[in-house]
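Read the structure below first, then the notes.
The values are calculated or read from the model by the stated rules, or taken from the named source; none is laboratory data. Just so it is clear, the model here is predicted, and its values are computed rather than measured. Neighbour counts run over all protein chains shown; Cβ positions are idealised from the backbone, glycine included.
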Amino acid sequence: MDENLDDLYQEIILSHNKRPRNEGELDPRTHDAEGYNPLCGDRLTIFVNKQDDTIEAVQFTGEGCAISKASASIMTESIKGLNGEALEAKIAEVMELLTAKEEPTVDPFEMGELAALIGVRKFPPRVKCATLAWHTLQAALNNDEKVSTE
Ligand code: FES
């Protein structure tokens, strides 16, 4: 990966870790779930307010590493206002970006700040840090109360 792009991605992660967007308990909400990473013991809770199939608001709480927090923060900004298929497509795209064995086929330049998570692929043990928020979002939307990254 381009070194300047790497630096930019790192800055984005650090910025979201330092000043997480949409952190705190959401009320009212229609969905919530707690996600757990058994490798480190970190937990995140994702709160969603979904109206007429559209994500009206999404927030998170929890303590985790910089990557898990930044991923949750970036996620809240990237899914607000999405509905139905667009939301499913976004979740699938991010999961592919993070976990595909081959280099991702998604275009990082079209993904905005989500592309910053791409750097995590170089550190396989940290991929679960980045996917924690997304697994937890899926659990919340499926009305599961808890989910583990294992
Ligand atoms: Fe626990 Fe990253 S070290 S989620």
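Tally time: how many residues in segment 92-150 are among the basic types (Lys, Arg), in contact with a strand residue (DSSP E or B) (Cβ under 7 Å, 6 or more places away or on another chain) and modelled with pLDDT under 90? Residues meeting the conditions: 1. Highlighted here are the strands (runs of 3 or more DSSP E) found entirely within segment 9-67 that include at least 1 residues which are surrounded by fewer than 15 Cβ atoms within 10 Å (Cβ to Cβ) and at negative phi: 42-51, 54-63.
Taking segment 81-92 as the region of interest, how many residues are surrounded by fewer than 17 Cβ atoms within 10 Å (Cβ to Cβ), in contact (Cβ under 8 Å) with a residue 12 or more places away in the chain and under 28 Å from residue 19 (Cβ atoms)? Looking only at that region, the number is 2.
Please go through segment 128-144 and give me each residue that is of a type outside the set (S, T, N, Q), within 13 Å of the ligand (Cβ to nearest atom) and within 18 Å of residue 78 (Cβ to Cβ), ordered by number. Give the steps one after another, and end with the answer.
Applying the first criterion (of a type outside the set (S, T, N, Q)) to segment 128-144 yields 128-130, 132-135, 137, 139-141, 144.
Remaining after also requiring within 13 Å of the ligand (Cβ to nearest atom): 128-130, 132-135.
Residues satisfying the conditions are 129, 130, 132, 133, 134, 135.
So, in segment 71-117, of the ones that are of a type in the set (Ser, Thr, Tyr) and closer than 22 Å to residue 45 by Cβ, which residue ends up nearest to the chain's Cα centre (by Cα)? Among residues in segment 71-117 that are of a type in the set (Ser, Thr, Tyr) and closer than 22 Å to residue 45 by Cβ, the one nearest to the chain's Cα centre (by Cα) is 71.
If a residue must be hydroxyl-bearing (Ser, Thr, Tyr) and within 9 Å of the ligand (Cβ to nearest atom), how many such residues does segment 36-70 contain?
So the count comes out to 1.
Only one of the listed residues (140, 116, 133) is touching a Phe, Trp or Tyr at 6+ places or on another chain (Cβ under 7 Å), closer than 17 Å to residue 49 by Cβ and buried (at least 18 other Cβ atoms within 10 Å of the Cβ). That residue is 133. The conditions of being out of contact with any helix residue (DSSP H, G or I) (no Cβ under 9 Å at 6 or more places or on another chain), part of a helix (DSSP H, G or I) and over 16 Å from residue 133 (Cβ atoms) are met by residue 4.
Kindly evaluate residue 90 against the criterion of being within 16 Å of the ligand (Cβ to nearest atom) and not in a strand (DSSP E or B).
Numbers: within 16 Å of the ligand (Cβ to nearest atom): no; not in a strand (DSSP E or B): yes.
Answer is no for this residue.
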